[in-house]
Amino acid sequence: MTPTRKPKIVFMGTPEIAVTCLDRLVQGGFDVAAVVTRIDKPKGRRAILTPPPVKVCAEQHGIPVCQPRTLRDDSFAEWLTAVDPDLILVVAFGMILPENVLAYPKYGCINVHASLLPKYRGAAPMQRAIMEGESETGVTVMYMDTGLDTGDMIFRRSTPITETDTLETIHDKLAEIGAELLADTVRKIENGEPLPREKQNGDLSTYAAKIEREDAKIDFTRPATELDRLIRALTPIPYAYFTRNDGATVKVLSARPAKGEGTPGTVLATSLDREGYIRVACGVGALDIVSLKPEGKGEMTAADYLRGRKLSVGEAL
């Protein structure tokens with residue numbers, strides 16, 4: 001049965017991947033009545049209060065914004081009743097929806113998740129897929145339930161993970177896929193078309209835990225191929241890092257696997273050609289560090305780093 005009017009939408013999201021979806025909905029002429037996002041947070045050394053990207057996007061489109069500290073109190077329930085959405089769309093919102101919110105809209109709550117569910121449920125699906133050496137990832141559009149990314153699936157679409165993909169490139173690919181699938185989903189609801197509904201196989205599920213600081217630490221006893229994936233998975237945020245012998249932290253912005261062997265963590269070779277590199281022995285193979293950011297300094301090429309701090313073959317980083 002075709003709806004008599006366009007479904008009224010509340011969009012919930014926070015980071016850039018959600019902005020792509022929100023933009024696509026607005027461009028598609030869908031009725032986005034309000035946006036819910038996280039509170040403004042201090043950023044940078046000066047702790048400047050900064051709005052989430054989705055808030056900025058919503059305000060540019062003239063869409064009202066709600067920034068609750070919790071979805072579980074009476075004030076949010078009253079706000080939801082006042083807006084009275086037919087459909088809630090969620091993209092990387094960062095808060096759990098309680099049962100009263102899940103049950104409210106006529107057409108349910110629909111989530112865009114950046115993995116091929118049931119693999120990589122949780123907070124960091126893109127990073128974990130790259131770190132684990134997956135050959136592909138993708139987007140799942142799903143109905144939400146009380147579990148963590150456990151709802152029935154509506155649409156799934158995959159994309160390859162190449163040997164040079166970083167978190168940034170995968171993010172951009174999945175943002176576009178997610179926006180397209182979400183717009184298609186809402187359009188079907190508008191047209192009264194039935195949506196596919198496929199239960200997830202919980203036996204195949206994996207969990208993509210939030211990236212903690214320890215996860216980003218480079219352990220040179222690991223194989224170079226694993227460290228290459230780690231670095232790409234955490235570029236451009238938060239970046240993988242190692243700690244020098246003097247205790248200073250160095251973030252690695254780009255690197256590549258190389259041939260070589262030696263005591264893990266020691267310098268095998270250096271080069272000042274073009275951007276240059278610092279070749280470091282790993283548990284298996286070696287890693288060429290191409291660009292980096294020493295503690296307290298800006299981003300630089302390996303060549304620039306070597307000009308300011310001489311490294312000798314055999315020296316431990």
Anything in the stretch 126-163 that is of a type in the set (D, E, K, R) and under 23 Å from L97 (Cα atoms)? List them, or say none. D145, D149, D152, R156
Please determine, by comparing only the residues of the stretch 187-217 that are out of contact with any Gly (no Cβ under 9 Å at 6 or more places or on another chain) and among the aliphatic types (A, V, I, L, M), which one is surrounded by the most Cβ atoms within 10 Å (Cβ to Cβ). I189
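Each row is one residue, and each column tells you yes or no for (1) in contact with a Leu (Cβ under 9 Å, 6 or more places away or on another chain); (2) free of Cβ contacts under 8 Å to residues at least 24 places away in the same chain; (3) more than 30 Å from L287 (Cα to Cα).
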| position | (1), (2), (3) |
| --- | --- |
| I177 | no, no, yes |
| L182 | yes, no, yes |
| R187 | no, no, yes |
| G192 | no, no, yes |
| R197 | no, no, yes |
| N201 | no, no, yes |
| Y207 | yes, no, no |
| E212 | no, yes, no |
| D215 | yes, yes, no |
Taking R46 as the residue in question, decide whether it is of a type outside the set (A, V, I, L, M, F, W, C), free of Cβ contacts under 8 Å to residues at least 12 places away in the same chain and either more than 17 Å from M144 (Cβ to Cβ) or assigned to a strand (DSSP E or B) (or both). yes
Of the residues in the stretch 24-40, those that are closer than 22 Å to M126 by Cβ and over 18 Å from the mean Cα position of the chain (by Cα) number 2
Only residues that are basic (K, R) and touching a residue at least 60 places away in the same chain (Cβ under 8 Å): list them for the stretch 235-262, please. R244
Quick check: anything in the stretch 296-304 touching a Pro at 6+ places or on another chain (Cβ under 9 Å), assigned to a loop (DSSP other than H, G, I, E, B) and surrounded by 16 or more Cβ atoms within 10 Å (Cβ to Cβ)? no
If you check R274 against the conditions, is it farther than 18 Å from K217 by Cβ, in contact with a helix residue (DSSP H, G or I) (Cβ under 8 Å, 6 or more places away or on another chain) and either of a type in the set (D, E, K, R) or modelled with pLDDT under 95 (or both)? yes
Could you please let me know if A129 is at pLDDT 95 or above, in contact with a helix residue (DSSP H, G or I) (Cβ under 7 Å, 6 or more places away or on another chain), hydrophobic (A, V, I, L, M, F, W, C) and part of a helix (DSSP H, G or I)? no
Might you let me know whether the stretch 295-317 holds any residue that is among the hydroxyl-bearing types (S, T, Y), in the same structural domain as L230 (by TED's automatic domain parsing) and touching a helix residue (DSSP H, G or I) at 6+ places or on another chain (Cβ under 7 Å)? no
Scan the stretch 270-295 residue by residue and report those that are surrounded by fewer than 16 Cβ atoms within 10 Å (Cβ to Cβ) and touching a strand residue (DSSP E or B) at 6+ places or on another chain (Cβ under 9 Å). S271, R274, E275, G283, V284, E295
What tally of residues in the stretch 178-215 results from selecting those that are of a type outside the set (D, E), in a helix (DSSP H, G or I) and out of contact with any Phe, Trp or Tyr (no Cβ under 6 Å at 6 or more places or on another chain)? 10
Please work out which residue is nearest to D228 (Cα to Cα), limiting yourself to the stretch 238-256 and to residues that are part of a strand (DSSP E or B) and aliphatic (A, V, I, L, M). A255
Go through the residues of the stretch 20-31 one by one and say whether even a single one is loosely packed, with under 13 Cβ neighbours inside 10 Å, of a type outside the set (S, T, Y) and farther than 16 Å from R187 by Cβ. no
State which residue pairs qualify: first residue farther than 13 Å from S205 by Cα and inside the stretch 147-162, second residue assigned to a loop (DSSP other than H, G, I, E, B) and of a type in the set (A, V, I, L, M, F, W, C) in any location, beta carbons under 8 Å apart, and separation of 6 or more residues or different chains. M153/L117; I154/L195; R156/L116; R156/L117; S158/L116
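The values are calculated or read from the model by the stated rules, or taken from the named source; none is laboratory data. As the structure is a prediction and not an experimental result, all values here were calculated from the model. Cβ coordinates were reconstructed from backbone atoms using ideal geometry, including for glycine residues, and neighbour counts include every protein chain displayed.
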